Amino acid sequence: MPASDTQIRSTFDRVKHPFTARPFSARGTYHARAEAGPGLTATATEGDRRFAVDMPEAVGGTGAAPTPGVYGRAALLGRLVISLRMEAINEPSAFRQRFVPRSRSIYSPRLPGSASPMAATPSAASS
């Protein structure tokens, strides 16, 4: 079961001080390796996690696993979403100020100086 917002916030509060006091203690070293397989396939390993990598049949792979590009995009997007989520959990007011629109409605756009959403729409009578 995923951790709740409260559990995540509590964990970050607990580890924030030591890492702030000694930033180098937050650095980690990870060991990863990759092995070439038949054709254009490979297996990447980090710790106890294994990732099959493949290319489409049209270019010499078997098409049985995601391409390196899929993993690359997933890594970037996953990191972005998780970073935003962490900020929203740990600094909700700062997150709202930067990312949540205040008084805009996507359903009733208004032009500057218009009194209503319909003010910018030509009337049927003027056609």
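Quick look at the values:
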{"item": "Residues of the stretch 39-53 classified as over 23 Å from the mean Cα position of the chain (by Cα) and either among the hydroxyl-bearing types (Ser, Thr, Tyr) or farther than 24 Å from Ala74 by Cβ (or both), total", "result": "2"}
{"item": "The listed residue being surrounded by 13 or more Cβ atoms within 10 Å (Cβ to Cβ), under 21 Å from the mean Cα position of the chain (by Cα), within 24 Å of Ala88 (Cβ to Cβ) and not β-branched (Val, Ile, Thr), out of Phe12, Phe19", "result": "Phe12"}
{"item": "Odd one out for Ala88, checked against (1) surrounded by 11 or more Cβ atoms within 10 Å (Cβ to Cβ); (2) touching a Ser or Thr at 6+ places or on another chain (Cβ under 8 Å)", "result": "(2)"}
{"item": "Qualifying position, being in a loop (DSSP other than H, G, I, E, B), over 22 Å from Asp5 (Cβ atoms), at pLDDT 75 or above and not hydroxyl-bearing (Ser, Thr, Tyr), among Ala44, Ala115, Ala64", "result": "Ala64"}
{"item": "Residue that is at pLDDT 85 or above, among the polar types (S, T, N, Q) and surrounded by fewer than 11 Cβ atoms within 10 Å (Cβ to Cβ), where the choices are Ser83, Ser108, Ser123, Ser93", "result": "Ser83"}
{"item": "Residue among Arg50, Arg14, Arg22 that alone is out of contact with any helix residue (DSSP H, G or I) (no Cβ under 9 Å at 6 or more places or on another chain), closer than 27 Å to Arg85 by Cβ and modelled with pLDDT of 95 or more", "result": "Arg50"}
{"item": "Residues of the stretch 22-34 satisfying the condition of being surrounded by fewer than 10 Cβ atoms within 10 Å (Cβ to Cβ) and closer than 30 Å to Met55 by Cα", "result": "Thr29, Tyr30, His31, Arg33"}
{"item": "Matching residues, the stretch 25-41, being among the hydrophobic types (A, V, I, L, M, F, W, C) and either modelled with pLDDT under 85 or farther than 20 Å from Gly69 by Cβ (or both)", "result": "Ala26"}
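The values are calculated or read from the model by the stated rules, or taken from the named source; none is laboratory data. Being a predicted model, the structure only gives us computed values, none of them experimental. Because the Cβ atoms are built from the backbone with ideal geometry, glycine has one as well, and the counts that use them run over all protein chains shown.
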